[in-house]
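Nothing in this text is a laboratory measurement; each read-out follows from the coordinates by a stated rule. Just so we're clear, the structure is a prediction, and the values are computed from it rather than from any experiment. Positions of Cβ are generated from backbone atoms using ideal geometry, with glycine treated the same way; all protein chains shown enter the neighbour counts.
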Amino acid sequence: MSVDRKKLILEAATKSFSLFGYKATTMDQVAKIANVGKGTIYTFYKNKEELFKEIVQRMIEEMKYEAEQSLDEQFSFFENLHRAVYRILEFRQEHQLSLKLLQEEREIGTPAVQEMVNEMEEAIVSYIKEKLKIAIDKKYIQPCDPEITAFLMLKMYLALIFDWERNHDPLGKEEIAELFKIYLFKGLSVF
């Protein structure tokens, strides 16, 4: 019975955070949406921050799962990495909670939200870093600092997908893959 209540609480809190953001969500709202007493929430979570953190951790796991599902062994390392990172960023854009958190971070700067958005970015960098380590070990790419490279890859994707679109027509998925290959994997040198 308590597992069902915990699940109800998680679903209700996710809904509330997605609709109203972290700052405007209260434990009273969550209790009302979950149809449980406020005290029931506190049997599982000591505060709103702890509940929020668990929800974001679950979202990060879901994001990683989506990335893994996009991989296909018939594709090269480069193609698979592009597919995985692109899927993670699509997930962020499709997931209501992720969108609300990014909006709240940008517009209000709530510290708890900033922390979770940073945690999401760190999780993405960590995911890419692990893929790069495997590629280095298999000699698909030359030795490099996988964490710095993962960070640069994420920032390049974010710039090509989101920043570019502010003043230009959006780039297609294949265009981004080609630019990624040219700038990051092949380099600009003609030698």
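Odds and ends about this structure:
- Treating r as the C-beta distance of Q114 and K181 and R0 as 25 Å, the FRET efficiency rounds to 0.15.
- Hits among lysines - C-alpha to C-alpha of K139 under 28 Å, sequence gap 8 or more where chains match: K64, K129, K131, K155, K173, K181, K186
- Only Lys, Arg (+1) and Asp, Glu (-1) charged, at Cβ; the chain dipole about Cα centre in debye: 480
- Applying the criteria of a DSSP loop state and at most 11 other Cβ atoms within 10 Å to the trypsin sites (Lys or Arg not before Pro) of region 20-89 yields K46.
- When each of the peptides 143-152, 167-176 is scored by the mean number of other C-beta atoms lying within 10 Å of its residues, the order from highest to lowest reads 143-152, 167-176.
- Helices assigned as whole DSSP H runs in the chain whose Cα atoms extend at least 20 Å along their own long axis and whose mean Kyte-Doolittle hydropathy is -1.0 or higher are found at 2-24, 77-94, 111-137.
- Note on E50/E90: beta-carbon distance plugged into 1/(1 + (r/R0)^6) with R0 of 45 Å gives a FRET efficiency of 0.95.
- Placing a pseudo-label 7 Å from each Cα along the Cα-to-Cβ vector at E61 and R166 gives an inter-label distance of 3.6 nm.
- Once the mean of 1/r is taken over each pair of separate Cα atoms and inverted, the chain shows a Kirkwood hydrodynamic radius of 18.4 Å.
- Between A159 and E107, the simple spin-label model (points 7 angstrom out along Cα→Cβ) gives 2.8 nm.
- Convex hull volume of region 117-191 per residue (C-alpha atoms, cubic angstrom): 109
- Coil-residue chymotrypsin sites (Phe, Trp or Tyr not before Pro) of region 26-88, DSSP, other Cβ within 10 Å capped at 15: F75
- Mean residue ellipticity (222 nm) of the chain, computed from DSSP H runs ≥ 4 via -39,500 (n - 2.57), nearest 500: -24000 deg cm²/dmol
- Most mobile listed residue (S98, S76, S126) in the chain, GNM with C-alpha springs under 10 Å: S76
- For region 65-191, the residue among P143, V117, H95 whose Cα projects farthest onto the positive side of the dipole built from Cβ charges is P143.
- Within straight-line reach of K100, meaning a Cα separation under 18 Å, sit the following lysines at least 8 residues removed in sequence or on another chain: K15, K23, K48, K53.
- Of the GluC sites (Glu not before Pro) in region 1-78, the ones in a loop by DSSP (not H, G, I, E or B) with at most 10 other beta carbons within 10 Å are E73.
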